[in-house]
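One structure is given below, encoded as C-alpha cells.
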Amino acid sequence: MSFIHPSSMVNTLPTVVGQSPYLELKNQEQTRRFDLTSDRHVLGRDPQKCDLVVPPEWGVISSCHAVLKRVGSGYVIFDGDGTRPSTNGLFFNQTRITVSEGFSLSNSTTLKIGQDPRNTIQLSYRNPLAASAFKATGLRSIAFANQTITIGRDSSCNLVLDSPMISRTHATIEPQQSGHLLCDQSVNGIFANGQRVQSSVTIVENMTVNIGPFTLIVQNNSLRLLDSGTQIRLDAYALKRQVLDEKKKTKLILNDVTLAIEPGQFIALVGGSGAGKSTLMKALLGLEPTTSGQVFINGSDLRSNFNIKHYRKLFFRDSKPC
C-alpha cells in the first residue's frame, strides 16, 4: 500500500475543545462535523453502510464516498468504498486520490469532493493533538518584523513571487502597535479569506491570502507559501458571445461552450478560419468579454477575482484585439 504525503495546508478552522481528530464538511452554507474515534470510518450518504452519514440531498457525495483508516495517531483517507471509486472523486490540489492509493491526512489538510465549482464540497481534517507540532517544512515564507516587508515580482522585494500577474511591488506588511496590516499596492488586488482587500486588512492567525496564482497562509507570525499555482484546473460553463455584424445583425460566435481542462493536460484547439478559436481562447483568459457564462480557475471565478482590464492592456499593448 502506498501513501501520498501532502504538504501541510492550513485553513481557517476555529480552535475547538477536545482531543479527537475530526472532519468538517462544508457544502455551501451547511456544515457537518464528524469526530474520528474508530480505526475505520466510512463517509457517505448510505446510513446502512456508512458511520459518517451526510444528508441525502448532498448528491455530490456518493453512497460510500471515502474510507478512513487509522495509522498511528492520524488517518489515511481512500476514495470510494474500498473497491470502487466514488462518482465525483476526492481531490487534493486538483489531483484525484485513487481507491488503492491512500492520502495521509495532516492537521488542517483540506480536500475537495467534486471539481464543479458550483457544488464542490470542502472536507477539512483537524487533529488537535498535532496542532502544536505543525510544521510547514520546505515552503517559502517570511517572518513578520518591526519594519515594512515588501511582496512582489521585483527582485528587491523581501518575498519575491515570480508571475506576470504580480505587480513589481504587489503588497506590503506594515507593523502596527496592535499587530500587522497587509496593504494592497497592486493593480490586480489581494484576497484575504476569499474577500478582496480594500486598501488594507489586519493580519490574523490562519488567514489565507491569495496573490495572483499564489496561495499563502499566516501562521506563527509568518506568511508561508502553500501553493505556487502550478497545478491549475480551468472550467468553462455555457460560454456565449454575440456580436453585431456590419449589417447590425446578431452573430453568434460562441454557442454554449462548456469544457474542463485539468492540470497537466495538453489541449489542442482546432477549427477553420472564423470558427471562433481566438475568441474562445481570449474568453478563457478573460481578455475578451462573453455575453453569458463563467470561467473558473481552481474554483475561483476569473472575472470576479482578477483585473481583466489590466490583462487586456498587458497582452495588447502594441496592437488592437482582433
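The values are calculated or read from the model by the stated rules, or taken from the named source; none is laboratory data. Keep in mind that this is a model prediction, so the values were computed, not measured. Note that each Cβ is placed from the backbone with ideal geometry, even for glycine, and that neighbours are counted across all protein chains shown. What goes into the accessible areas is simple: the full protein's heavy atoms, side chains included, and nothing from ligands, DNA or RNA. Shrake-Rupley method; radii C 1.70, N 1.55, O 1.52, S 1.80 Å.
What the table shows:
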quantity	calculated
Matching residues in the range 270-281 - criterion: being surrounded by fewer than 13 Cβ atoms within 10 Å (Cβ to Cβ) and more than 23 Å from the chain's Cα centre (by Cα)	VAL270, GLY271, GLY272, SER273, GLY274, ALA275
Residue tally, condition open to solvent by 40 Å² or more (accessible area, probe 1.4 Å), part of a loop (DSSP other than H, G, I, E, B) and either within 16 Å of ARG40 (Cβ to Cβ) or at pLDDT below 90 (or both), over the range 86-103	4
Count of residues meeting criterion [aromatic (Phe, Trp, Tyr) and open to solvent by 10 Å² or more (accessible area, probe 1.4 Å)] in the range 43-77	0
Any hit, the range 51-72, residues being farther than 25 Å from ILE261 by Cβ, in a loop (DSSP other than H, G, I, E, B), within 22 Å of the chain's Cα centre (by Cα) and of a type in the set (A, V, I, L, M)	no
Scan of the range 259-269 for residues that are out of contact with any helix residue (DSSP H, G or I) (no Cβ under 8 Å at 6 or more places or on another chain), at pLDDT 80 or above and either open to solvent by less than 90 Å² (accessible area, probe 1.4 Å) or farther than 25 Å from GLN94 by Cβ (or both), ordered by number	LEU259, ALA260, ILE261, ALA268
Test set (1) open to solvent by less than 80 Å² (accessible area, probe 1.4 Å); (2) assigned to a loop (DSSP other than H, G, I, E, B) - LEU284 fails condition number	(2)
Selection within the range 31-44 - in a strand (DSSP E or B) and touching a Phe, Trp or Tyr at 6+ places or on another chain (Cβ under 8 Å)	ARG33, PHE34, ASP35, HIS41, LEU43
Long-range neighbours under 7 Å by Cβ, at least six apart or interchain, first residue more than 17 Å from GLN147 (Cα to Cα) and without any contact (Cβ under 8 Å) to a residue 60 or more places away in the chain within the range 171-194, second of a type in the set (S, T, N, Q) and open to solvent by less than 30 Å² (accessible area, probe 1.4 Å)	SER186/SER167
Residues (farther than 15 Å from ILE142 by Cα and surrounded by 18 or more Cβ atoms within 10 Å (Cβ to Cβ)) located in the range 201-210	VAL201, ASN210
